[in-house]
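Following: one structure in structure tokens, then a few remarks.
The values are calculated or read from the model by the stated rules, or taken from the named source; none is laboratory data. This one's a predicted model, so the numbers in the text were calculated from it and none came from an experiment. Heads up, the Cβs are rebuilt from the backbone with ideal geometry, glycines too, and the neighbour counts pull from every protein chain shown. Note: areas computed on protein heavy atoms with side chains; ligands, DNA, RNA excluded. Shrake-Rupley method; radii C 1.70, N 1.55, O 1.52, S 1.80 Å.
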Amino acid sequence: MASAEIVLRCEEIAVAYGDVQALQPTSLAFEAGRIHALVGQNGAGKTSLARVLAGIIQPAGGRYWIREEEIRESSVQQARKLGLDIVHQRFTLPPNFTVAEALELVSARKYAGAFYSYGALRSAWLRELRRADIKVSPSAKIRDLPIETNQSLEILRALAGQAQILILDEPTALLSPGGVERLFARLRQLRDAGVTLLLILHKLREVMAIADTIAVLRAGRLVLPPTEIAAVSEQRLSDLIIGEGASVEGPAGATETRESDKTRTVNLSLAGVNTRHSETEPALAAVSLALESAEILGIAGVEGNGQRSLVDVLTGLMSARSGRVELLGQDVTDLKHHQRRTIGLRAVPFDRVTEGLSLPLALWENVTIWNAENFRRSRFGPLKIGAMREAARLALEAFDVQYESLDQPAGSLSGGNMQRLILARELAQGARVVIAAQPTRGLDFRATQYVWGVLRQLRQAGASIMLVSSDLDELFSLSDRIGVMRGGQIMAEYAPPFDMQVIGDSMIGAAR
Amino acid sequence: MEQFVVTTIRLSAPLIFAGLGGLFSVRAGIFHIGIEGLMLAGAFATVAFGTATGSVWLGILGAIAVNLILSFVYWLLIDRFGADMIISGLGLTTLCVGGAAFLMNALFNKRGSMTSAVRLPQPVVGPQEGLLAFVSELSILAWLLPVFVFIVWLLLRRSRLGLQIAAVGEYPYAAEAAGVDISRTKLIAMLITGLCCALAGAELSVGGLAAFSENMTNGRGFIALAAILFGSLEPIRTTLAGLFFGLADAVGINSQIYAGESNIPRQFILMIPFIATMIFVTLRGAFAHRRHSGG
């Protein structure tokens, strides 16, 4: 491989957002026709580098070449013309467009001129869909498609534009285990067809499974230039990613015995709960479950199989058509969310940005606003702002949130710190029943470890935790039991030791 | 009967011009509340330039020029300076209402209303037999409505620009990733809105009457916005909604005539189109909601 062609080369590329240096001057090069992995924690500069290469942002300095051509005035069009395209972590196809319209809009390959006939557009993209073996109608609406199909379309729109170099930004983040395998198979096919792939990944296990070379960024610096994957050990990689000497407990081998056989009580239960179907999910059908004290019940499932309805019905955001919800011995079926909170329910919502926080509000407001009533001088008196700020400060410190001022807006925090803030708000005063929905999605290794540690401590202290996650590693390392949701039902429940294959099959309903 | 159809078309035409024009902005994500003002500016500028030059065509060109400038300023405010689109849209309308009254006084020394020296040609006039009776005394702009609707449909639903506008409004992130210049696309959409509102205003002031009066749009811009929402942001459905609102207006006017000396208060009859609009929009919302929550 010594004389392989270099398709992508950076010299002293730096990225800055305002005063923040996201990427220190970095030089590296990637060879043609291979799968390169770029790894690092959140904020390490991976995505910044990728966005420069794709022409989305301008570097603060340095030079770079795509296929021997130096890029002076970078733009998305320029990168695409040279055969480089990027599949973003967040999908780019507009939800209300049909498949054909969306592909036509976003792909560099244009089948239509300034005006088009819908029939011609449809059949042109149908051919592309068939060629890529994606079974979806070009007239289907993007918003009705499953995540996996959506991602296939993103890859298709890049390849239809004749991309020879394809960057994928955390392509596995939203996929089920089976979906990841299918994606990897497709990526290998592409590599064998001569496409150069640059994958931004979080999980070492996935890197080991797919990549030919690996490069590591840490805190905006390149700590490992692209290196043959066979030449580095997993231990060394993990040291490079986290930083030398900082030992963090790994996901594996984290099964401490649970405080068992004391008088355990059921803290939260559903009995025969049915709901109406929502826009994105099937209805819950006769769901029953019981959550005991001092246990973590994992809920696995391909996204969109009723997990959100389950969380909503437990937290009181959705009402059950029939059935019964009990919380700490009380029937809460007809109680609203804030009433359930008063009884002792706490929740970490699915999306910290849209549901978990009010981004424009200050940190202290985000932490204390839900129980502002407890900070009144008298029933109708004014709030004790000083006391609220103090309570917020204590909670933020207890959960090690990195912040500059209590008055800064929550939107200015990094993803990991946002999640810590939510944990601080929900858990600072102790909690007996916690619903944690995707609590580590999009977090880096260290932040993930932190969240896991908090959940384990809670269990130790006797709390009941329901953990909804699409990350099986997470579920396996934390859960005492795992229930699998499919089509709005709990299809099966598993006890340790968990088998990835069995649970993965159960999630997609594959018979084996 | 024929007269009723003619009245409906005449009352619908400005709504359809403004509604379909506004559709470009709304689809691009701008809830263009300045349509009301742009219509009024178009109506006044047509009369002003037309009276000054003696040509109705130069009048319309002048109105288009004025509206393009106003639209550009509105774009500057919300896109470049980050002003709130609703507040600055209201400001735009207020500016046009006041500006038209002021200029009418300053330039023509008229208060309240003025007559126009020019008027749009009407291809068929006078009493007619058969089908022609349905189009008698309609302005040339009203005749051109079908062509206009088709062009708008083509631009919004069958052109690359239409896809880009929809992406900018619905999912700017996609537009950005596709390399679409969001600001520029919004500007184009808003300029088209301005142009169409000039036509709407011209139809209003010189389509039938040949006169301009203060605040002669009288909420029609807002009705046009309602037609857009009522038409679920689709060109054909927005046109139908415009026709419906025009029909409601015609009913109001007709019953006003036939009510004659009856004891139904005139004010009540004038409310009919607005009440019909509210009932329709509410019903539609209720049905949409029911479909939404499934069952």
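Structural remarks
- Flag for A:L159 being closer than 24 Å to A:L237 by Cα and hydrophobic (A, V, I, L, M, F, W, C): no
- Flag for B:A288 being at pLDDT below 90, among the hydrophobic types (A, V, I, L, M, F, W, C) and either under 15 Å from B:V26 (Cβ atoms) or surrounded by fewer than 24 Cβ atoms within 10 Å (Cβ to Cβ) (or both): yes
- Residue match in the range A:346-357 (condition: out of contact with any Lys or Arg (no Cβ under 6 Å at 6 or more places or on another chain), in contact (Cβ under 8 Å) with a residue 12 or more places away in the chain, open to solvent by 60 Å² or more (accessible area, probe 1.4 Å) and closer than 30 Å to A:S278 by Cβ): yes
- Taking the listed residues B:A65, B:A100, the one that is part of a helix (DSSP H, G or I), open to solvent by less than 30 Å² (accessible area, probe 1.4 Å) and over 14 Å from B:I30 (Cβ atoms) is B:A100, with no other qualifying.
- Listed by position, the helices (runs of 4 or more DSSP H) enclosed by the range B:176-262 that each have at least 2 residues that are closer than 28 Å to B:N105 by Cβ are B:182-206, B:220-230.
- A:T47 being in contact (Cβ under 8 Å) with a residue 60 or more places away in the chain, out of contact with any Gly (no Cβ under 7 Å at 6 or more places or on another chain) and among the hydroxyl-bearing types (S, T, Y): yes
- Condition met for A:V39 (within 21 Å of A:L190 (Cβ to Cβ), within 14 Å of chain B (Cβ to nearest Cβ) and open to solvent by less than 10 Å² (accessible area, probe 1.4 Å)): no
- Lone qualifier among B:Q122, B:Q128 - being buried (at least 17 other Cβ atoms within 10 Å of the Cβ), within 20 Å of B:E2 (Cα to Cα) and touching a Ser or Thr at 6+ places or on another chain (Cβ under 6 Å): B:Q122
- Criterion (open to solvent by 10 Å² or more (accessible area, probe 1.4 Å) and over 19 Å from the mean Cα position of the chain (by Cα)) met by exactly one of A:L396, A:L406, A:L413: A:L406
- Scanning the range A:298-311 for residues that are in contact with a Leu (Cβ under 6 Å, 6 or more places away or on another chain), open to solvent by less than 40 Å² (accessible area, probe 1.4 Å) and under 22 Å from A:R459 (Cβ atoms) turns up at least one hit.
- Flag for A:I71 being modelled with pLDDT under 90, more than 9 Å from chain B (Cβ to nearest Cβ), closer than 30 Å to B:L156 by Cβ and surrounded by 14 or more Cβ atoms within 10 Å (Cβ to Cβ): no
- Residue in the range A:106-148 that is least open to solvent (accessible area, probe 1.4 Å), counting only those that are part of a helix (DSSP H, G or I), within 14 Å of chain B (Cβ to nearest Cβ) and among the basic types (K, R): A:R122
Condition check ((1) at pLDDT below 95; (2) within 27 Å of A:A100 (Cβ to Cβ)) across all residues:
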| position | (1), (2) |
| --- | --- |
| B:E137 | yes, no |
| B:P146 | no, no |
| B:D181 | yes, yes |
| B:T185 | no, yes |
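- Among the residues making up the range A:93-105, those that are part of a loop (DSSP other than H, G, I, E, B) and either more than 7 Å from chain B (Cβ to nearest Cβ) or touching a strand residue (DSSP E or B) at 6+ places or on another chain (Cβ under 8 Å) (or both) are A:P95, A:N96, A:F97.
- Of the strands (runs of 3 or more DSSP E) lying entirely inside the range A:256-350, the ones with 1 or more residues being closer than 23 Å to A:P496 by Cα and modelled with pLDDT of 90 or more are found at A:266-274, A:287-292, A:295-300.
- Checklist (1) within 14 Å of chain B (Cβ to nearest Cβ); (2) surrounded by fewer than 19 Cβ atoms within 10 Å (Cβ to Cβ) applied to A:G55, failing item: (2)
- B:M85 meets the conditions (1) crowded, with 18+ Cβ neighbours inside 10 Å; (2) closer than 23 Å to B:G50 by Cα in every case but one. The failed one is (2).
- A residue that is out of contact with any Pro (no Cβ under 9 Å at 6 or more places or on another chain), buried (at least 17 other Cβ atoms within 10 Å of the Cβ) and under 30 Å from B:G50 (Cβ atoms) occurs nowhere in the range B:165-178.
- Check on A:T342, open to solvent by 30 Å² or more (accessible area, probe 1.4 Å), under 26 Å from A:A495 (Cβ atoms) and either β-branched (V, I, T) or touching a helix residue (DSSP H, G or I) at 6+ places or on another chain (Cβ under 8 Å) (or both): no
- Criterion: facing chain B (nearest Cβ under 8 Å), open to solvent by 10 Å² or more (accessible area, probe 1.4 Å) and either part of a strand (DSSP E or B) or touching a residue at least 24 places away in the same chain (Cβ under 8 Å) (or both) - qualifying residue of A:R80, A:R90, A:R63: A:R80
- Cβ-Cβ contacts under 8 Å between residues 6 or more apart (or on different chains), taken from a first residue in the range B:95-111 that is closer than 13 Å to B:A52 by Cβ to a second residue that is assigned to a helix (DSSP H, G or I), are listed as B:L103/B:F44; B:L103/B:A48; B:M104/B:F44; B:M104/B:A48; B:L107/B:A48; B:F108/B:A48; B:F108/B:T51.
- Some residue of the range A:149-162 being within 11 Å of another protein chain (Cβ to nearest Cβ) and not in a helix (DSSP H, G or I): yes
- Members of the range A:458-489 found to be open to solvent by 20 Å² or more (accessible area, probe 1.4 Å), among the hydrophobic types (A, V, I, L, M, F, W, C) and over 22 Å from A:R346 (Cβ atoms), listed by number: A:F476
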